1. Looking only at region 1-39, how many residues end up being buried (at least 16 other Cβ atoms within 10 Å of the Cβ), within 15 Å of MET70 (Cα to Cα) and of a type in the set (S, T, N, Q)?
2. Is region 124-139 home to any residue that is away from ligand 1 (no atom under 12 Å from the Cβ) and within 23 Å of ASP166 (Cα to Cα)?
3. Go through region 121-154 residue by residue and tally those that are of a type outside the set (A, V, I, L, M) and either at pLDDT below 95 or more than 20 Å from PRO93 (Cβ to Cβ) (or both).
4. Just to check your reading of the model, which residue among VAL117, VAL99, VAL105 is aliphatic (A, V, I, L, M), modelled with pLDDT of 95 or more and over 17 Å from the mean Cα position of the chain (by Cα)?
Amino acid sequence: MALLDIRVLGDPILRQTTTPVAAITDELRQLADDMLDTMYVARGIGLAAPQVGRTERMAVIDVEDDPFVMFNPQIVRTEGPTEKVEEGCLSIPEVYGDVERPTRVVVRYLDADGNEVEREADGLLARCMLHEIDHLEGKLFIDYLGPFKRKSAMAKWTREKEKYPDNIRRLTPEEIAEHHHTGEEL
Ligand code: K1U
Ligand code: ZN
């Protein structure tokens with residue numbers, strides 16, 4: 001198991017678009033496992049490659065005790081009404097905001113074995129898939145906030161970012177110990 005450093009807002013990699021994966025190698029499968037471990041310790045439900053300093057178009061998700069990796073995900077279609085729900089981001093700790101998104105989505109991606117998968121999702125899983133695909137395009141949830149809410153989110157971040165020299169969030173021994181106590185996944 002390897003825990004990866006998480007890049008926080010201010011690191012230019014979070015604003016770059018990613019590169020499609022040409023071949024799903026053992027190195028990328030190991031990266032996906034390390035991203036899942038990092039996500040569990042950070043108490044997230046998703047994590048995208050740019051958040052750990054990588055430029056591949058890939059993300060991991062575990063919303064319903066069903067971990068999976070998506071290589072080269074594409075939105076096939078969004079459906080249903082939109083819903084405004086509070087979101088956070090492992091790359092903008094302690095900052096939250098309401099984001100309006102479609103409630104249903106169909107996403108096509110390659111799984112860890114290179115098989116093409118088409119997954120239809122709703123609720124939190126749909127939201128998480130959309131949040132992670134946004135990361136792969138350099139987009140963050142704060143971009144959806146209106147000017148007033150975005151300004152207050154950024155004011156909060158100006159205070160919080162002091163905790164992350166060089167825009168790096170290294171998981172703390174306390175976070176790691178706390179995770180072990182809960183006995184989840186690792
Ligand atoms: O990509 C990330 O920064 C992870 C982020 C993804 C996310 C998806 C959908 C809504 C909000 C955020 C998180 O995992 S935030 C923390 C989290 O664990 C969580 C969020 C909403 C409900 C339950 C848990
Ligand atoms: Zn995020």
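1. Looking only at that region, the number is 1.
2. Yes, region 124-139 contains a residue that is away from ligand 1 (no atom under 12 Å from the Cβ) and within 23 Å of ASP166 (Cα to Cα).
3. 6
4. Details: VAL99 fails: over 17 Å from the mean Cα position of the chain (by Cα); VAL105 fails: over 17 Å from the mean Cα position of the chain (by Cα).
That would be VAL117, the only listed residue that is aliphatic (A, V, I, L, M), modelled with pLDDT of 95 or more and over 17 Å from the mean Cα position of the chain (by Cα).
The values are calculated or read from the model by the stated rules, or taken from the named source; none is laboratory data. Just so we're clear, the structure is a prediction, and the values are computed from it rather than from any experiment. Cβ sites come from the backbone with ideal geometry, for glycine too, and all protein chains shown count toward neighbours.
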